[in-house]
Amino acid sequence: MSDALLITVAGVGAEVMREQQPHLPLLPEEVGEEYGRAFDAGATIGHVHGRKPDGRPTQDLETFRAYSTAIRARCPILQQFSTGGAVGMGVEERIEALVLKPDMATLTLGTCNFGEDIFENSLPTVRTVLERIRKYGIVPELEIFDDGMLGTADFLFAKGLLSSPAHFDFVLGVPGAAAATPENLLHFARSIPSGCTWTVAGIGRRQTAMATLAIAMGGHVRVGFEDNIFYRKGELADSNARFVERVVRIAREVGREPATLAEARQILHLPAAA
Ligand code: KMH
Ligand code: ZN
């Protein structure tokens, strides 16, 4: 198996606002440039959420079309659309942009607390999202925020609705869901079906520690403003690319290189580029 490291940039998200992170990209050209810089630094997957120009989260088709076009104009990073959107959104709103057939889309495998809110992913919601993902031939990334979601993964694999190889993303450190600890990461990594691959997204100040563990364990890494806005304690990051650059430095120290696009496609079982 290739040792190449997938780095996902989650540069927009649905929760962080400009007031908290002045470099948060909102307009399509800002998003295109931000993802371009992350790609130049070594990211091969761009996890995309939509925002209105005033920062309000949206999953609206036209926003995703504009973001996707701007990103594509700047760089060939693999595009992974969020289907989680923001808490409180209805499922149809969350998945309307999938008609654009991105390379990948997220699929969260259960409901969890999300700070003061509830991130709703009942089985009917999961099935609806998965059906739409399948309809457009998109590769899913299976998002696991909490232990119970691993049980739902087992259930869906047993039913044949999901199959190995698949790619997981462990989102660790959301308040109300699984904590970003080495024990949880090890437990999650051991719990997925054989042949599957995984990424970790460590939330907040645990981002770099989780990334470092994943690099050492043979997993993959997600970084970006969606998950963390500080480069280090008390210092805001001035771009998403800074996080990617740091991950690349750590990876090289332990003998892993950032994946090329061709390697990323191979690891994720995406069709080779035309
Ligand atoms: N914004 C979170 C409530 C995803 O992108 O698929 C959900 C989320 C997951 O970010
Ligand atoms: Zn997201």
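Quick look at the values:
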quantity	calculated
Residues that are out of contact with any Lys or Arg (no Cβ under 7 Å at 6 or more places or on another chain), β-branched (V, I, T) and either under 27 Å from P175 (Cα atoms) or within 16 Å of ligand 2 (Cβ to nearest atom) (or both), drawn from the stretch 9-54	V9, V16, V31, I45, V48
Single residue of the stretch 133-168 satisfying the filter (open to solvent by 70 Å² or more (accessible area, probe 1.4 Å) and not in a loop (DSSP other than H, G, I, E, B)) that is farthest from V200 (Cα to Cα)	K135
For P165: the one exception among (1) farther than 26 Å from V248 by Cβ; (2) away from ligand 1 (no atom under 16 Å from the Cβ); (3) not β-branched (V, I, T)	(1)
So G110, is it touching a residue at least 24 places away in the same chain (Cβ under 8 Å), surrounded by fewer than 13 Cβ atoms within 10 Å (Cβ to Cβ) and over 19 Å from L5 (Cα atoms)	no
Boolean, E62 is touching a residue at least 24 places away in the same chain (Cβ under 8 Å), away from ligand 2 (no atom under 14 Å from the Cβ) and part of a helix (DSSP H, G or I)	no
Within the stretch 44-70, tally of residues that are within 16 Å of ligand 1 (Cβ to nearest atom) and buried (at least 20 other Cβ atoms within 10 Å of the Cβ)	13
Count of the stretch 72-86 residues which are under 16 Å from the mean Cα position of the chain (by Cα) and on the phi < 0 side of the Ramachandran plot	9
Total residues in the stretch 76-123, condition more than 22 Å from G204 (Cα to Cα), within 12 Å of ligand 1 (Cβ to nearest atom) and assigned to a strand (DSSP E or B)	2
Only one of F119, F81, F114 that is within 13 Å of ligand 2 (Cβ to nearest atom), at pLDDT 95 or above, in contact with a Cys (Cβ under 9 Å, 6 or more places away or on another chain) and within 19 Å of E15 (Cα to Cα)	F119
Subset tally (residues that are touching a residue at least 40 places away in the same chain (Cβ under 8 Å) and within 15 Å of ligand 1 (Cβ to nearest atom)) for the stretch 1-19	9
Boolean, T128 is of a type in the set (S, T, N, Q) and in contact with a helix residue (DSSP H, G or I) (Cβ under 8 Å, 6 or more places away or on another chain)	yes
Subset of the stretch 169-212 that is part of a helix (DSSP H, G or I) and among the small types (G, A, S) - its residue that is surrounded by the fewest Cβ atoms within 10 Å (Cβ to Cβ)	G204
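The values are calculated or read from the model by the stated rules, or taken from the named source; none is laboratory data. Bear in mind the structure is a predicted one, so any value in this text is a computation, not a measurement. All Cβ positions, even for glycine, are placed from backbone atoms using ideal geometry, and neighbour counts span all protein chains on display. Accessible surface is based on the protein model in full, side chains and every heavy atom, while ligands, DNA and RNA are left aside. Shrake-Rupley method; radii C 1.70, N 1.55, O 1.52, S 1.80 Å.
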